[in-house]
Amino acid sequence: MGLISSLKKAFSKPYKTVSVAEAKDLLASGAALIDVRSAEEWRSGRAPQAKHIPLDRLQTSTAGINTTGINKTRPVIAVCASGVRSASAARLLASQGYQAYSLRGGMGAWRSAGEPVR
C-alpha cells in the first residue's frame, strides 16, 4: 500500500454525511433513523420515524440499538441538533459494522427542509 493510499485510509470517514433529501431517499428504501439527542431535546420535536438512542447511551453500549429492531442489515442514519453528535454516533456505528450515515445540519436542517416534526 502506497503512502497516499495509507493516508487516505487513515483520514477517511467510515460513514457518510447526507443531506435531508438523501436521508429521505435512504429512509424510503428501508434505512432506520436514530435520534441521538438528549431526552429534553427529543421531547422538543423529532422526526416521526426516529428511534431515540441518546449518544451517551450509544457510547456506553451499542447493544441498545438492537432493542429498537435496528440491525446491521439495514442502513442507519443518526441525527442530532446540528450534526456534530450524529457524526460521532455514525463513526461509532460504522466501527461496529453498521452502514452508517450522519444527517448534515441535524434537526435544524430537517425543520428547514419542511419535513414533519412531532
* Given the structure, is D35 of a type outside the set (S, T, N, Q) and in contact with a Phe, Trp or Tyr (Cβ under 7 Å, 6 or more places away or on another chain)? -> yes
* To do: Kindly establish whether S61 is at pLDDT below 95, open to solvent by 40 Å² or more (accessible area, probe 1.4 Å) and out of contact with any strand residue (DSSP E or B) (no Cβ under 8 Å at 6 or more places or on another chain).
  => yes
* Provide a single number: the residues in segment 68-93 that are among the hydroxyl-bearing types (S, T, Y), under 15 Å from I53 (Cα atoms) and open to solvent by 20 Å² or more (accessible area, probe 1.4 Å). => 2
* Structure fact -> Per the list (1) modelled with pLDDT of 95 or more; (2) of a type outside the set (F, W, Y); (3) out of contact with any Asp or Glu (no Cβ under 8 Å at 6 or more places or on another chain), residue check on C80 breaks on (3)
* Asked: Only one of (1) modelled with pLDDT of 95 or more; (2) in a loop (DSSP other than H, G, I, E, B) fails for T17. Which number is that?
  -> (2)
* Asked: Quick one: would you say S102 is modelled with pLDDT of 95 or more, part of a strand (DSSP E or B), among the small types (G, A, S) and open to solvent by less than 60 Å² (accessible area, probe 1.4 Å)?
  -> yes
* So is T68 of a type in the set (S, T, Y), touching a Lys or Arg at 6+ places or on another chain (Cβ under 7 Å) and at pLDDT 95 or above or not? -> no
* Unmet requirement for Q96, which otherwise passes all of (1) surrounded by fewer than 20 Cβ atoms within 10 Å (Cβ to Cβ); (2) in contact with a helix residue (DSSP H, G or I) (Cβ under 9 Å, 6 or more places away or on another chain); (3) modelled with pLDDT of 95 or more; (4) at negative phi -> (3)
* Just name the residue that is farthest from the chain's Cα centre (by Cα) out of those in segment 73-118 that are aromatic (F, W, Y) and under 13 Å from A23 (Cα atoms). => W110
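The values are calculated or read from the model by the stated rules, or taken from the named source; none is laboratory data. Everything quoted here is computed from the prediction, not taken from an experiment. Reconstructed Cβ throughout: ideal geometry from the backbone, glycine too, with neighbour counts over all protein chains shown. These accessible areas exclude ligands, DNA and RNA; they are computed on the full protein's heavy atoms, side chains included. Shrake-Rupley method; radii C 1.70, N 1.55, O 1.52, S 1.80 Å.
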